[in-house]
Every structure is written in structure tokens, then in C-alpha cells.
Amino acid sequence: MCSALQQLPDKHKKILLIDSHQENQSRLKSILEQHPLYQLTRCNDHVEALLILQQSSIDFILLSCNNSPLPCTTIISDLHKFRPNTPIIALSPHITEEQGQKLLTANATDFLSYETLNTEIFLRTLRHAELTIKQSTEIQLLRHSDTLAPVGNRQFFYLTLLYKLNSLIQQGRQLALITIDLDHFRKFNTRYGFSAGDEVVLELGKRIQSSVSNDEMVARIGNDEFAIILDLPSTAPLLDTVKSLLGKLIATLKSSYTHSQSQTQIDCSIGAVLAPEHGSEVDLLTKRASMARMQAKQIHGCSYSIYRPGMELTSDKTVGLESEIMTALRAEQFVLFYQPRIDLRSGKIVGAEALIRWQHPTRGMIMPGDFIPLCERNGLIVPIGYWTIRQAGLHLKELKEAGIHIDRLGVNLSFRQFKDDMLVDTIKRIIKQEDIDTSVLEFELTESAIFNDENHVRECLDSLAEEGITFSLDDFGTGYSSFSLLHKLPISALKIDRSFVSHLNESSEAEEIVRSIISLAHNMKLTVVAEGVETREQLDFLIQDNCDQIQGYFYSPPVSFSDFKRMFPKPQ
Ligand code: C2E
Ligand code: CA
Ligand code: CA
């Protein structure tokens, strides 16, 4: 077969061509003749390829798609599963953009048509594929272990929980999600400084890790917030096991913490939720675990609380708001504020994000964080979402009439809106009724919205994209952060979450992640928007690293529509 491969010196890049015809090999060989760095070898089919991959290190896989008995996408998926970090380039006499997208969705790194193949294109494709894989591997590595405590990180937590939930019932399992944080940690940081705070978080992580067995997963999911996933067979007494673990945690966590040679007593709060009993979706479970933790915070000292159905109604500071939301919609108490998006090359406003506020007659201005989660739970986000799209469209028309041009107007779409079967039709109707300029409209989606039902979301997006609407991936970095999603969906912009931007110039990990995200996004021709830019230093970092656009208090907080209009010079 290909024993020559093992004898090659390391500096060679080894290319494996999977193709049952000799002539393509000759063609590629002649292209590579001038480039001794690359060494080409051929095998007939992907089974042979898997054997070679097992025995030798291969730097690139080239797969000819035209003469294989299996669909090329199936082979690519198999090869990718086997060697996720080896670039796979699909080759065919002619590949349309649509076919190419399918190949990328199946995890090809790139695709090439023999028709247009020449040395320059081929070498560029190899370099590009290598870079793409390198960057996405770096990001994965940075993300899977926490930077401070000896536990998993947020990304690892989400992926593990998602993975376990997906197979929970089929595999006859049940699980508990436990989240833990310190009480008044912010005050502690302010009083003793961040490095003392880091010492405490490190110690907290170690104590949690020591309280659980090796099978249980521990991750740091926020500043001082940790999560444990307890996974048991469905026949085990879950509640009893959880209670016993919670007791053990309280006993370990309540002793005082040492930092900079002093000792401080810091209380903690723990919330727990059970699956499938209390839910089987990532977002719902994490929300309910936080809710239980908030309840525990009401109790003095280190304490825990386990979620109970109906807890929403008593723990929410939004008690009573639910019944008022429909009235609010009719009484036109919602308003849209706008936060400008600035292009870093021109320094000009090129877009905005529409952000909803509730002008409550007695409670004053209520921020979306206090009512959107509630509306997502009870489904009222569906009519509110339509109101937002219509209102943003009307404002867009008003801007146009005032001679003001923006390229993009971001409107947030929540995961819950995709559960509405009428979503696409209703949006299309609103666009028609209000004559909305769809080329400016950009829906902002979060990764959790997409992961909930990827195929359905893709169909919706494809159908809306036909109307000219564009899409951005919001809060990038906080969820699953999967670059493969970006291949699969018609997404043209990526919004880096504020939590990374706020740590620029403080944490080299955050800087590296932001740098990698920007570079990889640019490779994929995506516009990168950094959210939550508050300082000159953050801005300078983003300019230097070629970020395209920013949003944040440094330039402007969200403002009323009339104030937003005033940000533009009056047309002559
Ligand atoms: P988001 O989509 O991530 O929106 C950005 C949030 O960051 C906004 O909060 C904005 O005011 C805030 N922000 C912007 N720049 C800075 C900064 O420099 N520093 C800090 N600390 N914060 C900054 P807001 O308006 O409270 O909205 C919160 C969230 O509520 C939004 O997060 C979005 O998820 C949701 N939301 C807002 N409007 C809508 C809506 O119409 N529909 C849906 N489904 N969700 C909405
Ligand atoms: Ca957003
Ligand atoms: Ca965001």
C-alpha cells in the first residue's frame, strides 16, 4: 500500500489522495512537482484510506467525489470522525456552490473543481485548509480546560450536558445538574483584589472536585460559578444521591478560604435540578438550576435548594408581570432602543441593534433581562417578537425617509420563536405589509436557538434568506461555539460576546480567543462585531486585530429612536 509514507522526513507534508483513477494523481503530481514540500500518495477508496490513516500521519486528505460508490458527504463524515483534525478537501470535475456547501456541512474543510485547478489555487487551498484546522483546534483546546481551576470550562460543560441529554432516555439514564457560586463574591473582589479572588476560585474548584467521584463532571461556567453533572442509571435513587452529595458539598465548602495569608469565611449557594424530571433541554435546566440557587441565596450561610415546579412564580422578581404582558402589548408600552454599530475602518455608524424595553406605567422602565426570559417560558415572546420586527421595520422606513442610510439593523430572534410553526410565513407577511427593506434586516440568533432544532432552524433561515434577510450569530463564545454551524447556515456576521471583550487587556486567554475568532471568521468571510466595548484599550486591541465593527458603551449605550436619528448629520 503506502509504506513509503512512514519513511518521509518530518518536514514533508503528506497528502493522501483517495481516487480510484490514476489520471487525477498524475495531474496533481505534475502540479506538485515544483514543490518538494508536499508528498502525494494515492489509494483507491475510503476503507483503504482509513487503514492508511491509522498507520501513518497524514497532513491532508484529498477526496475525489466523482467515482465513488458511496455519497461523498458520507465518506467525508466518516473520515472527519476518524481524524477530526486533518483537513479534508473534496475534488470533483465541477462543483457548484450548492454542492460545495453540502460538502462543507458534512465537514469538508474546502472543495475544489478539477476544471479550475492550477498550482496557485491548489497550494492556496492547502494552506488555507491547514490554517482553518489549526485555528479551530486551538480554539477547542483553549476552551476545553478552564484557565484558573483544575476543571472543565464552560464550553466543555455545554457540550457534555447537551451530549448527555440527547441520549438520556434511550440509554435509560437520569441526571442532576448542580450549580454552585459564592455569595457576595463581587464585594470580596472589590475589597481584596482580583488575585485574592482568583485564589479563592481556585480553592473552590479544588474542593468541589474533591467532593465528587471521578465519573462526575465538574466545570467552571462563570466567574465564581461551577457546575456538576451527576449521571446515573434510571434505576438509581437520584434524589437521595443528590441530597447526599449536596450535604457533602456544604460540609467541604463552608470552611474559610485562605488568600494572601489571611482567612475569610465566604458562604456559597447551591442549586440543583433533575433530568428528565424537571426538563431535558440545556437552557431550561441551567435556568432552573440558577433559579434554585437564587432561592438558596435567601437562606443565610452555605445552603442549597432543589428546583420545584412553580419555583419561577415565587423566585422571580417579575412576580405579577406575566399577566400584564399581553396588556402591555396592546397598550403599546414596549419601545425599541437602538445601539449603534460602528465600522472600525471608517469610524462611522453602519448599523444598529434594536433592543426592547418595557415602559411600565408604575414600575418604570423594565429591561429585557427582566421580562424576555419570562416571555420565552410562557410563549409570549412569539407575539412580542412579531411586534419587534414590525416596529423595527417601521423605524427603518422612517430613517430612509429622513435620508439616513444604515447597512444593517439587528433584531434579536429568540429560540422559542422557532417553535412557532407560522414564524416564516408571519415574518414574510409583516415584511410585505410594511414594505420593509429586507436587505438591511439582520436577525441575531444565539447558538442555543440553532442547536435546539438545527434542521428546522436551517429551513427557516434558508426561506427567510430568500427574502434578502441576513443573519448573525449572537453572544458567540458563550454557548457551544461551533464553527461548523457557520458553514451550515446562511450566517454572515458573528458577534463576539461581551464577556470576552471585557477581559481584553486583562487576560491573555481572552485575547487569544478573540484573536482566533476574528481570524477564523475572516477566513470564512464573516463580518466580526465585538459587543460590549467599554474602554479605549479594548477598542485599540480590536482595531489592531482587524475586527470589523464594534458595539458598546464606549461609543454609545442603546438610545431612543429619536436620539439614534440625531446621531446622523442632517442631510443637506
Ligand atoms: P444582547 O442581544 O446580547 O444585547 C446586548 C446587550 O448588551 C444589551 O442589553 C445592551 O444594552 C448591552 N450592552 C451593550 N453595550 C454594552 C457595554 O458596553 N457594556 C455593558 N455592560 N452592556 C452593554 P439589554 O438591552 O439589556 O438586552 C439584554 C438582552 O435581552 C439582549 O442581549 C437580548 O438577548 C435580549 N433582548 C433585547 N431585546 C430583545 C428583543 O427584541 N427580542 C429578544 N428575543 N430578545 C431581546
Ligand atoms: Ca443581540
Ligand atoms: Ca449579544
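The values are calculated or read from the model by the stated rules, or taken from the named source; none is laboratory data. Just so it is clear, the structure is predicted and the values come from calculations on it, not from any experiment. Cβ: placed from backbone, ideal geometry, glycine included. Neighbour counts: every protein chain shown. With ligands, DNA and RNA removed, areas are computed over all heavy atoms of the protein, side chains included. Shrake-Rupley method; radii C 1.70, N 1.55, O 1.52, S 1.80 Å.
Within the stretch 356-366, the set of residues being open to solvent by 20 Å² or more (accessible area, probe 1.4 Å) and modelled with pLDDT under 90 comprises P361, T362, R363, G364, M365.
Go through the residues of the stretch 511-529 one by one and say whether even a single one is part of a loop (DSSP other than H, G, I, E, B), open to solvent by 20 Å² or more (accessible area, probe 1.4 Å) and in contact with an Asp or Glu (Cβ under 7 Å, 6 or more places away or on another chain). Scanning the stretch 511-529 turns up no residue that is part of a loop (DSSP other than H, G, I, E, B), open to solvent by 20 Å² or more (accessible area, probe 1.4 Å) and in contact with an Asp or Glu (Cβ under 7 Å, 6 or more places away or on another chain). Screening E376, E353 for residues that are within 16 Å of ligand 3 (Cβ to nearest atom), closer than 19 Å to A449 by Cα, within 28 Å of the chain's Cα centre (by Cα) and at pLDDT 95 or above leaves exactly one candidate, E353. Which residues, counting only those in the stretch 474-530, are polar (S, T, N, Q), more than 11 Å from ligand 3 (Cβ to nearest atom) and more than 14 Å from Q135 (Cβ to Cβ)? Hits for the stretch 474-530 are S492, S502, N505, S507, S508, T527.
Filtering I543, I550, I496 for residues that are open to solvent by 70 Å² or more (accessible area, probe 1.4 Å) and under 15 Å from I342 (Cβ atoms) leaves a single hit, I543. Could you grab me the full set of residues in the stretch 152-203 that are at pLDDT below 85, more than 22 Å from F500 (Cβ to Cβ) and touching a Phe, Trp or Tyr at 6+ places or on another chain (Cβ under 8 Å)? Passing the criteria: none in range.
The set of residues in the stretch 438-450 being surrounded by 20 or more Cβ atoms within 10 Å (Cβ to Cβ) and more than 15 Å from ligand 3 (Cβ to nearest atom) consists of V440, L441.
Can you find a residue in the stretch 495-503 that is assigned to a helix (DSSP H, G or I), under 14 Å from the mean Cα position of the chain (by Cα) and away from ligand 1 (no atom under 15 Å from the Cβ)? Can you show your working first?
Looking only at the stretch 495-503, we keep the residues that are assigned to a helix (DSSP H, G or I), and these are 498-501.
Within this subset, residues satisfying the condition of being under 14 Å from the mean Cα position of the chain (by Cα) are 498-500.
When the remaining residues are screened for being away from ligand 1 (no atom under 15 Å from the Cβ), the result is none.
There is no residue in the stretch 495-503 that is assigned to a helix (DSSP H, G or I), under 14 Å from the mean Cα position of the chain (by Cα) and away from ligand 1 (no atom under 15 Å from the Cβ).
When you look at V457, is it surrounded by 18 or more Cβ atoms within 10 Å (Cβ to Cβ), free of Cβ contacts under 8 Å to residues at least 60 places away in the same chain and not charged (D, E, K, R), yes or no? Yes, satisfied.
Each residue in the stretch 230-260 was checked for being surrounded by fewer than 16 Cβ atoms within 10 Å (Cβ to Cβ), more than 29 Å from P276 (Cβ to Cβ) and touching a Ser or Thr at 6+ places or on another chain (Cβ under 7 Å), and 1 of them qualify.
Just the residues that are within 16 Å of ligand 3 (Cβ to nearest atom) and among the basic types (K, R), please, taken from the stretch 403-436. Correct list: R408 only. Evaluating G100 against the criteria (1) touching a residue at least 12 places away in the same chain (Cβ under 8 Å); (2) of a type outside the set (F, W, Y); (3) part of a helix (DSSP H, G or I); (4) open to solvent by less than 20 Å² (accessible area, probe 1.4 Å) leaves one unmet condition, (1).
The set of residues in the stretch 352-375 that are within 12 Å of ligand 2 (Cβ to nearest atom) and within 19 Å of S556 (Cα to Cα) comprises A352, E353, A354, L355, I356, P368.
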